[in-house]
Amino acid sequence: MSSIDTGVIDAHNDTLRRHVHHDYEHLGEQLARRGIDIETVRSQVAAFGVAIPSWGVGTGGTRFARFPGRGEPRHVFDKLQDCGVIQQLARATPTVSLHIPWDKCSDWSELRQAAAAAGLGFDAMNSNTFSDQKGQTHSYKYGSLSHTDAATRAQAVAHNLDCIEIGRQLGSKALTVWVGDGSNFPGQQHFRRAFDRYLDSARQIYAALPGDWRMFLEHKIAEPAFYSTVIQDWGSSFLAAQALGPQAQCLVDLGHHAPNVNIELIVARLIAAGKLAGFHFNDSKYGDDDLDAGSVSPYRLFLVFNELVSAAHEGVSYDPTYMLDQSHNVTDPIESLMTSAVQVQRSLAQALIVDRTALDAAQDTNDAMTATHLLKQGFQTDVTPILQRVRLDAGGAIDPVGAYRTSGYRQRMAEQRPAVVGGSGGIV
């Protein structure tokens, strides 16, 4: 697979290398005065990785229109090529999450080899029972796993079992299940029966999980069903995960909540219950906008990581997975994904430099001002030198977007991959 010439990356790094080492040393001195060891923080950030969704490297869209970008991936092998470039430059995205049937191919062993050649592995598999596919016998217009028709439910279950088998061949260890099931009018759906049908279908999928797999249940407050959704919030997700068993956990997508919901509190509750599956990182302003992570509410993202670091500090056992889930409507998807991966790393690093001992003391004595100051101190610290050192040490780019633009990769892909003519309606 074509990647970016390492000479381009090295040349770009040479112009910044001296400044990185100086800034890192200076930040280390600042953190040492707070009792924080910068090397410990750097090693923890270096060990962190966030998955790229295969669909994320394509141009997104809205319910109204989609405007194609240059050099878009034509198939799953092109997607892996773009994901490999992101990992090559940012060194924070070692895995890819596939979506079936969007990413179907004729030879899964060939795909696994292509991923390995690009330095990538496979994260959770994602099933699609929210839209109809060509040749599909039963429609999902009125639901899938919770449909009133048993044959439609059986079809949706069978699709998820196919995803498990594909993931098994690729080395994946999880299945993410999100359904658009719900209703658009009061009275259209019997709420309790719909949830019971969902559970019955989900149990059949759960029974097929390999012993070392997990099943991630993803909730969403609305869309495509605008009056009610079957798995509408973390409470419904938690109830379902409890009913299914220990391999079922709750996935938190930052854009799938009602306005002003305290997401970091939900994270804390799921950690305490042993049901936190992981995250789909994005940002939003008016709804499930799928904006770049941290582009609107970086402090909220930091507060999520504060809960994760707090749990780890206290020795609480949990094993979340991390993935970006964004729609890139007006930006180059590769640039947005790299920027988001760095932002997620940044939030982790900021949470790691919070003085946990002082924070515990402030909380125990109800010192609200000191407690919030300690969090703000971590959030307002510029940890860029740590992130730059992590990339530099791993052979990545100090400035991923700058190196990417210098490389001319997008222009090359535009020449190699036929352009899609004109705009189109809706998300594809």
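Screening residue 307 with (1) outside any helix (DSSP H, G or I); (2) over 23 Å from residue 405 (Cα atoms) gives one miss only, at (1).
From the list 84, 143, which one is touching a residue at least 40 places away in the same chain (Cβ under 8 Å), more than 22 Å from the chain's Cα centre (by Cα) and farther than 21 Å from residue 213 by Cβ? Break it down into steps so the answer makes sense when it comes.
Working: 84 fails: more than 22 Å from the chain's Cα centre (by Cα).
Only one candidate qualifies: 143.
For beta carbons closer than 7 Å, sequence separation of 6+ or different chains, a first residue in the stretch 262-273 that is closer than 17 Å to residue 284 by Cβ and a second that is of a type in the set (A, V, I, L, M) and not in a helix (DSSP H, G or I), the qualifying pairs are 263/252; 263/254; 266/252; 267/252; 267/276.
Among the candidates 187, 171, single out the residue that is farther than 21 Å from residue 237 by Cβ, of a type in the set (Gly, Ala, Ser) and in contact with a helix residue (DSSP H, G or I) (Cβ under 8 Å, 6 or more places away or on another chain). Lay out the reasoning, then the answer.
Working: 187 fails: in contact with a helix residue (DSSP H, G or I) (Cβ under 8 Å, 6 or more places away or on another chain).
Unique residue meeting the criteria: 171.
Considering the stretch 394-408, and only residues there that are more than 15 Å from residue 337 (Cα to Cα) and among the hydroxyl-bearing types (Ser, Thr, Tyr), the residue that is most open to solvent (accessible area, probe 1.4 Å) turns out to be 406.
Can we say residue 41 is without any contact (Cβ under 8 Å) to a residue 40 or more places away in the chain, out of contact with any Gly (no Cβ under 9 Å at 6 or more places or on another chain) and either open to solvent by less than 20 Å² (accessible area, probe 1.4 Å) or among the charged types (D, E, K, R) (or both)? Show your work before the answer.
Working: without any contact (Cβ under 8 Å) to a residue 40 or more places away in the chain: no; out of contact with any Gly (no Cβ under 9 Å at 6 or more places or on another chain): yes; either open to solvent by less than 20 Å² (accessible area, probe 1.4 Å) or among the charged types (D, E, K, R) (or both): yes.
Considered against the rule, which asks whether it is without any contact (Cβ under 8 Å) to a residue 40 or more places away in the chain, out of contact with any Gly (no Cβ under 9 Å at 6 or more places or on another chain) and either open to solvent by less than 20 Å² (accessible area, probe 1.4 Å) or among the charged types (D, E, K, R) (or both), residue 41 comes out as no.
Of the residues 222, 268, 241, the single one that is surrounded by 23 or more Cβ atoms within 10 Å (Cβ to Cβ) and either hydrophobic (A, V, I, L, M, F, W, C) or in a strand (DSSP E or B) (or both) is 241. For the stretch 92-101, the candidate set comprises residues that are in a loop (DSSP other than H, G, I, E, B) and closer than 24 Å to residue 154 by Cβ; within that set, the residue that is most open to solvent (accessible area, probe 1.4 Å) is 101. Of all residues in the stretch 324-342, none satisfies being in contact with a helix residue (DSSP H, G or I) (Cβ under 9 Å, 6 or more places away or on another chain), crowded, with 21+ Cβ neighbours inside 10 Å, of a type in the set (D, E, K, R) and without any contact (Cβ under 8 Å) to a residue 60 or more places away in the chain. Reported count of residues in the stretch 34-48, each being of a type outside the set (Phe, Trp, Tyr) and within 11 Å of residue 352 (Cβ to Cβ), is 9.
When you scan the stretch 102-136, how many residues do you find that are small (Gly, Ala, Ser), under 20 Å from the mean Cα position of the chain (by Cα) and open to solvent by 20 Å² or more (accessible area, probe 1.4 Å)?
3
Restricting attention to the stretch 304-323 and to residues that are among the hydrophobic types (A, V, I, L, M, F, W, C) and more than 16 Å from the chain's Cα centre (by Cα), the residue that is surrounded by the most Cβ atoms within 10 Å (Cβ to Cβ) turns out to be 309.
Residues that are more than 30 Å from residue 101 (Cβ to Cβ) and surrounded by fewer than 19 Cβ atoms within 10 Å (Cβ to Cβ) are absent from the stretch 58-75.
Condition first: part of a loop (DSSP other than H, G, I, E, B) and either open to solvent by 30 Å² or more (accessible area, probe 1.4 Å) or basic (Lys, Arg) (or both). Now tell me which residues in the stretch 379-393 satisfy that. Talk me through it step by step, then tell me what you get.
If we filter the stretch 379-393 for residues that are part of a loop (DSSP other than H, G, I, E, B), which is where we start, we get 381-383.
Selection gives 382 alone.
Selection over the stretch 347-378 of residues that are open to solvent by 50 Å² or more (accessible area, probe 1.4 Å), within 29 Å of the chain's Cα centre (by Cα) and in contact (Cβ under 8 Å) with a residue 12 or more places away in the chain gives a count of 2.
The values are calculated or read from the model by the stated rules, or taken from the named source; none is laboratory data. Treat the numbers as computed from the prediction; the structure is a model and nothing was measured. Heads up, the Cβs are rebuilt from the backbone with ideal geometry, glycines too, and the neighbour counts pull from every protein chain shown. What goes into the accessible areas is simple: the full protein's heavy atoms, side chains included, and nothing from ligands, DNA or RNA. Shrake-Rupley method; radii C 1.70, N 1.55, O 1.52, S 1.80 Å.
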